[in-house]
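Since the structure comes first, as structure tokens, the remarks are kept for the end.
The values are calculated or read from the model by the stated rules, or taken from the named source; none is laboratory data. This one's a predicted model, so the numbers in the text were calculated from it and none came from an experiment. Cβ placement follows ideal geometry from the backbone for every residue including glycine, while neighbour counts extend to all protein chains displayed. Ligands, DNA and RNA are excluded from the accessible area calculation, which covers all protein heavy atoms including side chains. Shrake-Rupley method; radii C 1.70, N 1.55, O 1.52, S 1.80 Å.
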Amino acid sequence: MQSTSSARAHTNIALIKYWGKKNQELIIPTTSSLSLTLDKFYTDTKVTFDDKLTADTFYLNHQQMVGPIADKTFAFLKLIRQQAQIDTFATIESINHVPTAAGLASSASAFAALAGAGSKAAGLTLTKQALSRLARRGSGSAARSIFGGFSEWHAGDNDLNSFAHPIQENVTMDIQMITVVVDAHEKKITSRMGMQHALLTSPFYQTWVNEAAKDLVAMKAAIVANDFEALGTLAENNALQMHSLNLSAKPGFTYFNGSTLEILDLVQNLRKQQILAFATMDAGPNVKIIAQSKDTATIIDILKQAFPHVQVEIAKPGHGLIYLD
């Protein structure tokens, strides 16, 4: 007997970051965070439970996966089986339209889609809040990808009260994300490793926690006020503060490369030319430029003149989890 479901989830970019967990097993963060879900990057996942199978199988972009990525995926399937009270094995087929592990939050769309497709195929009917809690167990940022537009991941302090909720799914602000891919290779230091090292060794970690809480309040106010400049300023400062934790860790490390720093300088120079543009970066060298649609063509022209070989993608606000059945 078979049971199948397919789902699509989009990646999100945190405007107010999370960087560090107070519970690594349950993925409970030290701070709440806020993100924008993007239309450009997404994962389509099909899950088929079949009582004829003798083991779980995972295909990513048509290639069978083994090793750590598969192990993490199968552990997540086990959570779904526990909730559904079944013991049937499954085949997972995912197509990822995000450069994997390159600082573009590919795990967010991946585990949000898997949570949706897997739970439905297993016979569960979960609310979006419950799906967000489930997705969080695969990747923290996946909790936010259940929702479209702006969403907040409430940190909480246990498995039940750590979940995301929508702030504004139908985005009214003129906002776009220009993703500048300077390096699409896999990160040398995973997000999971990097954030815990910073948490344990940076002398400024508690300051980060305090400042991030203030930034979150201000960011929600900027969204309500439709204040693009305030949003961009907060997002850039919050990202730089997060990355400063890595530099202040012992030993210090960074996800930036030379091109990252040059693009950050370019963005600051754009503002001197009265072009509102702001940068944010996740765990990787790639820069996301927060811009308005009226300025996008100008920004890309300036980028291409300075960096003719970089890959540039334009993303707009995207929607939350959808089922493809």
* Asked: What are the residues in the range 172-226 that are among the hydroxyl-bearing types (Ser, Thr, Tyr) and in contact with a strand residue (DSSP E or B) (Cβ under 7 Å, 6 or more places away or on another chain), if any?
  -> Thr179
* Considering (1) over 29 Å from Leu26 (Cα atoms); (2) in contact with a Phe, Trp or Tyr (Cβ under 9 Å, 6 or more places away or on another chain); (3) open to solvent by less than 20 Å² (accessible area, probe 1.4 Å), say which one Ile178 fails and leave the rest. => (2)
* Asked: What are the residues in the range 16-42 that are assigned to a strand (DSSP E or B) and in contact with a Gly (Cβ under 9 Å, 6 or more places away or on another chain), if any?
  -> Lys21, Ile28, Pro29, Ser33, Leu36, Thr37, Leu38, Asp39, Lys40, Phe41, Tyr42
* To do: For the range 51-99, enumerate the residues that are surrounded by fewer than 14 Cβ atoms within 10 Å (Cβ to Cβ), out of contact with any helix residue (DSSP H, G or I) (no Cβ under 7 Å at 6 or more places or on another chain) and closer than 23 Å to Leu131 by Cβ.
  => Asp71, Ala75, Lys78, Gln82, Gln85
* Identity of the residue in the range 269-284, open to solvent by less than 20 Å² (accessible area, probe 1.4 Å) and under 16 Å from Lys17 (Cα atoms), that ends up farthest from the chain's Cα centre (by Cα) -> Phe278
* Asked: List, please: which pairs have Cβ atoms under 8 Å, are six or more places apart or on different chains, and start with a residue in the range 43-62 that is at positive phi and touching a residue at least 12 places away in the same chain (Cβ under 8 Å) and end with one that is assigned to a strand (DSSP E or B) and open to solvent by less than 30 Å² (accessible area, probe 1.4 Å)?
  -> Asn61/Ser94; Asn61/Asn96
* From Leu245, Leu231, Leu216, Leu199, residue being out of contact with any helix residue (DSSP H, G or I) (no Cβ under 8 Å at 6 or more places or on another chain) and either touching a residue at least 12 places away in the same chain (Cβ under 8 Å) or of a type outside the set (D, E, K, R) (or both) -> Leu216
* Listed residues Ala225, Ala230; which is within 23 Å of Met173 (Cβ to Cβ) and either open to solvent by less than 40 Å² (accessible area, probe 1.4 Å) or within 21 Å of the chain's Cα centre (by Cα) (or both)? -> Ala230
